[in-house]
Structures are given as C-alpha cells and as structure tokens.
Amino acid sequence: MGLTSLKLILLLGVVAFAAVVAAVFFWPKLSRQAVLPILGRVGILLSTQVLLMATVAVIGNRYFVFYTTWDDLLGHTGKPVVNFGTAAGPGDVPKLVKENGTETIDVPQGKNAQAAGQIMRIDVAGRRSGMGTPALVYLPPQYFQAQYKDRRFPVVVVLTGYPGNERNLVTRLELPKFAANEIAAGRVQPTIYVMMKPSVGADRDTECTDVPGGPQVGMFFSQDLPEAINQAYRVAPGARNWAMLGDSTGGYCSIKLAMLNSDRIGAGVALSADYGAPLDGDTGDLYGGSKAYRNQNDLMWRLKNMPMPPVNLLLTSSESGEPNLPETKEFQRLAKPPLKVDTLLLPTGGHNFKTWQAVLPDALRWLSAQQKSDHPKDSAPVAASP
C-alpha cells in the first residue's frame, strides 16, 4: 500500500475511529485506581493519539508530497542510476535520460500535445557526479507542431523546496498549467520546463552544494543536467537559453547556481528564498568544516566580497508575512553591474504555494524576456564543459 495512496488514508481513518470508539467503551471499565487499569488508560490515550496523528500526517504528506514511497520516508534511496544505456561507439556519451511515460495538462485540450503540450516522466543520470534522480519535463505545444520541427527551445529548470518532491510543482504550484496558459496567450515564448527536487539522490538538504567528500549536487545541476537535457531534447544553445526558477530552498539553489555558473546559466528566479549558507540538522556539514568554503556559498557574503557575476536575477517576497523581506531588499541594494537584480513584492503573503502561484505568471514572463532570441533553425546544442 503506497505512502500517498487513498487506501492508506482510509485504513488509518477507520482504525483511528475504531480506537476512539473502543476508548469510549472501555474507559469506564478501567476506572479503578490500580496498576493495570491505569496502564490500560495510558495505553488507550497513547494508541488513539498516535493513530490520529498518523492519519493527519499521511493526509498532509499526500497533499504536500514530502515523501512518495516508504523507502523515501525511511531514507533508503539506494544507489543513484549512472546511465541508461551503452554508448553507440568509442568516445560517445551514454544515454543520460530515460523516459518513463507521459501526462496530460490540466487545461482545455490538455490531452492534445499539439494544443497544450505534454509532461514527460523521466530519470536523469549525471555522467560526472554519478548521481541520478527522477524529473518531470513540460514540453510546450510547439515542440510537437510540424512547423517547429527544427526549432530549439529555451530551458527553465524548476526546483521545489526541501524536503518537497518534484510532483509538488505540478500539483501544488501548477507550473505546467500556468506555463501552458501563458504560452497560449503569447505572453511567454515556447519553453521547456524541467521540474525537479533540489536534493537529487542525497538523503539530506544539500542546498545544491558540492559537498567535500559527499554528493556533488552543484556539479549535477550545472554540468550533468544540461548535458542530459541537451542530449534528449531540442534545446537552444548558450547560457542565455538556460535559466532556473525555484521556491524556498529551490529558490536559493536557483540564484546560487546562476551566480556560480554564469557561463552556463543566464538567469534565475527565487521565490521566497534565503540567501545564506545554512548549517543545521537537515544539512549537516556541507562545507567540510571550512569557513572559507561556507562563505563562498553564502550569497550575501559573495555580494560583499566577490566580483559581480553577469547574470539576471528576480527575487520575490512580501511586505507582510514573509521573513526574507529585509534580506531581499539588501540583496538588491548590494547588487552592482554586470549583476542585475529585480524584485517582485506582494503586499502580503506567506511561505506557501498560494503565494508563489500569485507571482508565478509574472516570474515566467520575466524569464521569457531574459531568454528572448531568434532561435535560428540551424543552431546545435552546446554540450556542457567536462
């Protein structure tokens, strides 16, 4: 029985209800002030509370998709998949993307790929980092239309927060739905969106960092992922056509990866991000005990102490309800050319998907403006540097 299945919720709900009924029935029988009746009352209280809490937790997990399987919950992710096929010949790159099926879009004509686009379920392998992870790819309707058969498309990598799942970007943020509507209205150019979680195959919040002696998540996103997506899909070349967008931890990852890899990533959007280099129970030591390396991952420190990268960033926050507002304004104040920082501030809004949905259309239009190009038909994808 799956961790996110409705059957599990119904089963726990029935058992919890039965436990409450049993507690009402047996409580009078355990009213005596003796050891066994007292232990019986304690057992009834504990069992009913545990079952009720478990039911609420499973409902919450189904809604937010924190964990998709029992192995995911228990931290048993297994070894990452390194490749999905053999190279065609000496020196050729092995197959790095495995397609596992398609999904429709929740818009009119959503089952027609030529009218609404299509979601692809894929697995991605990192040739350099040795890491592998599932992802969802939204291909715009033009990708399937005959007149665009030679067209190459810009890419936006979209990252959810930690410990979220890439499916949150479909079910909670509803990014494919917003993207399809914006593309259909002509406000956003046809774009490929790659939806992922930021932790990749690690059992911890890596903050998209190349951990000394640990997972090389920064390498995966900046080198392996572009190579894999270039190999599998018709992607427009150059840093200008590769951008990132994320919420919460995914937002921090998006702008950090853009700042550290401006030769590969041209723009980044952070929805309600922090800008420091956290060190807590979820992250563990990501920096090998090095204060200097931690500083390099602290975006505010970089603005004060390092050359400005030639990238464009969009930061979002709220005047009321979002704790990152002061840092967001300070980040924009510290930015100097060639770094360009825009902000998008709501009057009110918390750290949640409802708030991020409110700014998502503007964020997609902003990214589209950064990635505008003539898309020459004879362009070929540029492989990531080794």
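The values are calculated or read from the model by the stated rules, or taken from the named source; none is laboratory data. Since the model is a prediction, treat every value here as computed from it, not as a measurement. Note: ideal-geometry Cβ built from the backbone for every residue, glycine included; neighbour counts use all protein chains shown. To get the accessible areas, we keep the full protein, side chains included, count just its heavy atoms, and leave off ligands, DNA and RNA. Shrake-Rupley method; radii C 1.70, N 1.55, O 1.52, S 1.80 Å.
Worth a mention:
- Residues being in a helix (DSSP H, G or I) and either open to solvent by less than 40 Å² (accessible area, probe 1.4 Å) or at pLDDT 85 or above (or both) - total across segment 57-66: 3
- From Pro323, Pro310, residue being modelled with pLDDT of 95 or more, surrounded by fewer than 23 Cβ atoms within 10 Å (Cβ to Cβ), assigned to a loop (DSSP other than H, G, I, E, B) and over 19 Å from the mean Cα position of the chain (by Cα): Pro310
- Candidates are the residues of segment 27-55 that are at pLDDT below 80 and in a helix (DSSP H, G or I); the one that is least open to solvent (accessible area, probe 1.4 Å) is Pro37.
- Among all positions in segment 272-290, there is at least one residue which is over 24 Å from Thr343 (Cβ atoms), touching a residue at least 12 places away in the same chain (Cβ under 8 Å) and among the polar types (S, T, N, Q).
- Screening Gly349 with (1) part of a loop (DSSP other than H, G, I, E, B); (2) of a type outside the set (Asp, Glu); (3) more than 21 Å from the chain's Cα centre (by Cα) gives one miss only, at (3).
- Under the condition of being among the hydrophobic types (A, V, I, L, M, F, W, C), part of a helix (DSSP H, G or I) and surrounded by 11 or more Cβ atoms within 10 Å (Cβ to Cβ), the residues counted in segment 285-304 number 4.
- Residue match in segment 245-263 (condition: open to solvent by 10 Å² or more (accessible area, probe 1.4 Å) and under 22 Å from Val97 (Cα atoms)): no
- So Gly214, is it modelled with pLDDT under 95 and farther than 27 Å from Ala335 by Cα: yes
- Asp280 vs. criteria over 19 Å from the mean Cα position of the chain (by Cα) and at pLDDT below 95: yes
- Residues (of a type outside the set (Gly, Ala, Ser), in contact with a helix residue (DSSP H, G or I) (Cβ under 8 Å, 6 or more places away or on another chain) and surrounded by fewer than 18 Cβ atoms within 10 Å (Cβ to Cβ)) located in segment 269-284: Leu279
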